[in-house]
Amino acid sequence: MLNDIYYTAIDIGTSKVCTVVARVGPEGQLKIVGHGLAPSQGVKKGQIINVDEAQEAIEASIEEAHSSLGSRVPWAYVSISGNHITCTNTNALLHPSDQNGQVSLEDVRTLTDMSYPEVPFGKEVIHVIPINYVVDGYRSMRNPVGIHAGRLQVESLAVFGDHDNVNETTKVIQNSNVEVRSLVMGGLASGEAVLTESEKELGVVLVDMGAGSTDVAIFKNGTVWYGASIPVGGNQLTRDLSVALGMPYYFAEELKIKWGHAKPEAIDREAEVLLPSFQGRQRRLINRTALCAPMVDRLRETFGLIVVKTQQAGLHRIPAGGIVFTGGTSEMPGFQKLASEALGCPVRVGAPRNIPEISIDHQRPSYSTVMGLLQWGIKQHSERRVRPPMDKRSFSQKPLLERIKQVIMVN
Ligand SMILES: Nc1ncnc2c1ncn2[C@@H]1O[C@H](COP(=O)(O)OP(=O)(O)OP(=O)(O)O)[C@@H](O)[C@H]1O
Ligand SMILES: [Mg+2]
């Protein structure tokens, strides 16, 4: 117990704010010891749009986690999402400091620091992740420590978020008396929770379809390689249904969860659904396939947007690991079948894995981000985080970079 470390993850989603606390023992044994869940407010398409409302939901979620844990948590890993997230590749090169040309851990750390990008105006750095090392201009490797090299090059993935979004996310957590240990791109966190090592090796597109956004993260050679977010999610399906049926949004949400099916014709072509009465209107029957049609259309359209994102990422075809969907929208029955038909590649729906003894609820795809945040945090803990090198700090950027440091530093 004395050497146990507590990790907290907070996923700020469009539909829910979820806090999970895990205890990790000296041998790495992990146990979920606290959790809190609050309906989200003030969050749209994955981004905070009303600080006060979001604050209330976040505090409620943290408070519930505190009471189930029996104490407060000082810091947390926090998700960040939304279509303000962008990424780019950066490079740096050095000659090993050792006289014999042997690459040291310090060389690798220095090189990673050197690959820290110039920060575009209005943006903040969320991650700088080394994705590949090239030795003497031709030999690619993942960990060059100990090898002999005349020169060592690194290719890193830099992930940016809008300054205001990063600031607001950090502020609402800090206002709840919890320090942000690190912001983590939502798709990256979900990937930690649901992907297998062999999928990451082969190359895979991770897609987290939530309520307000669809996060895309591409992995290959064992590491994340691209990240983006599409501002469409399950809320759009509900809105389409509510318009099609001419009924209020909350009725449509209930109908979607109860009767929504991505391949309704595969179940029963004749099945009918009794619509609720509202505003004095008569109850009426509707064919289930017809009820699902607008949602199926929207799903197909979203699959098309996902393909566009992969093309923008530079992929000419979907990698061998296929597409792994997660997030609440992928819980719709028939989802996997529709997606694999529409996309013409291997598709599976993934949920959090490799976390022992989690509740049935936490095993659902809508909890992938929060569970992945924990896994990501635990993995990063022993590694030193990248920090912006001094020569990239212009005078005008200083206050901004101090915040970046707070966001990306661990320990
Ligand atoms: N069985 C189901 N069928 C269809 N949709 C579902 C089902 N279960 C949940 N959803 C939808 O999943 C969405 C919630 O998913 P999730 O919890 O992953 O979102 P979030 O993390 O809050 O939002 P985001 O990541 O977009 O900010 C809602 O739109 C909800 O209607
Ligand atoms: Mg989400």
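Bear in mind that the values in this text are calculations on the coordinates, not laboratory data. Treat the numbers as computed from the prediction; the structure is a model and nothing was measured. Neighbour counts run over all protein chains shown; Cβ positions are idealised from the backbone, glycine included.
Worth a mention:
- Label-zone membership for region 280-301, site Ser340, 7 angstrom Cα→C-beta point, backbone N under 18 Å: 300
- Dipole magnitude of the chain about its Cα centre (Cβ charges: Lys, Arg +1; Asp, Glu -1), debye to nearest 20: 480 debye
- With Cα atoms, 0 to 90° folded angle of helix 249-259 axis to the chain main axis: 90 degrees
- Derived scalar couplings ³J(HN,Hα) [region 118-134; Karplus, 6.51 cos²θ - 1.76 cosθ + 1.60; whole Hz; x for Gly, Pro]: 5, 8, x, 4, x, 10, 10, 7, 9, 9, 10, 10, x, 10, 7, 10, 10
- Most tightly packed first, judged by the mean number of other beta-carbon atoms within 10 Å of their residues, the peptides 211-224, 50-63, 155-168, 362-375 read 362-375, 211-224, 155-168, 50-63.
- Among Pro346, Ser140, Gln29 - extreme Cα towards positive end, dipole of the chain, charges at beta-carbon: Pro346
- Taking Ile306, Ile10, Ile147, Ile360 and counting other C-beta atoms within 10 Å, the order from fewest to most: Ile360, Ile147, Ile306, Ile10
- Of the residues Thr196, Thr238, the one with the fewest other Cβ atoms within 10 Å heads the list, and the complete ranking is Thr196, Thr238.
- The angle between the Cα long axis of helix 234-245 and the longest principal axis of the Cα atoms of the chain comes to about 20 degrees, rounded to the nearest 10.
- Between helix 288-312 and the chain: long-axis angle, C-alpha atoms, 0 to 90°, nearest 10: 20 degrees
- Only helical runs count toward this figure. For the chain, summing -39,500 (n - 2.57) over DSSP H runs of n ≥ 4 and dividing by all residues gives -10500 deg cm²/dmol at 222 nm.
- Calculated FRET efficiency for the pair Thr86/Asp297, C-beta based, R₀ 30 Å, to 0.05: 0.55
- Put a plus charge on the Cβ of each Lys and Arg, a minus charge on the Cβ of each Asp and Glu, and nothing anywhere else: the dipole of region 73-156 about its Cα centre is then about 180 debye.
- Projected area averaged over orientations for the chain, convex hull of C-alpha atoms, nm²: 22.2 nm²
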